[in-house]
Amino acid sequence: MTWVRPDGDGAVLSLHIQPGAKKTEIVGLHGDALKIRLAAPPVDGKANAALLEFIAKKVGAGRSAVELASGEASRAKRVRIFGLSAEEVRARLQPKAPS
């Protein structure tokens, strides 16, 4: 399994989220999920909102094109992106190899 897969006219991401981090960043892979650290705390949906904004900005999509598909109260989340292929999303979010 991969962390991004095609879904109709878009893509679905499998993510592992670490809220309350020093800064918001893509860390790498966590099993079959893309690991993202979020500076936002996991309180009142703040981390989920920050995640969707971060993903939208990174892939160059409007905020309305990104939605939380599952995992509202979990570190394991699925995010759906409309209007971009899985290949486009993978290229824009690909974790950098350690140097």
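Taken together, the values in this text are just the output of simple stated rules run on the coordinates, not laboratory data. Everything quoted here is computed from the prediction, not taken from an experiment. Note that we place each Cβ from the backbone using ideal geometry, even for glycine, and neighbour counts take in every protein chain shown.
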Can you sort Ser74, Ser85, Ser14 so the residue with the fewest Cβ neighbours within 10 Å comes first? Ser74, Ser85, Ser14
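Which number comes out as Rg/Rh for segment 4-93 once both Rg and the Kirkwood Rh are worked out on C-alpha atoms?
0.93
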Share antiparallel - DSSP beta bridges, segment 1-62, percent rounded to 5: 70
Of the convex hull enclosing the alpha-carbon atoms of segment 26-68, the direction-averaged projected area in nm² is 3.4
Run the numbers on the chain and let me know its relative contact order in percent, using alpha-carbon pairs under 8 Å that are six or more apart. 31
Which of His30, His16 has the fewest Cβ neighbours within 10 Å, and the rest in rising order: His30, His16
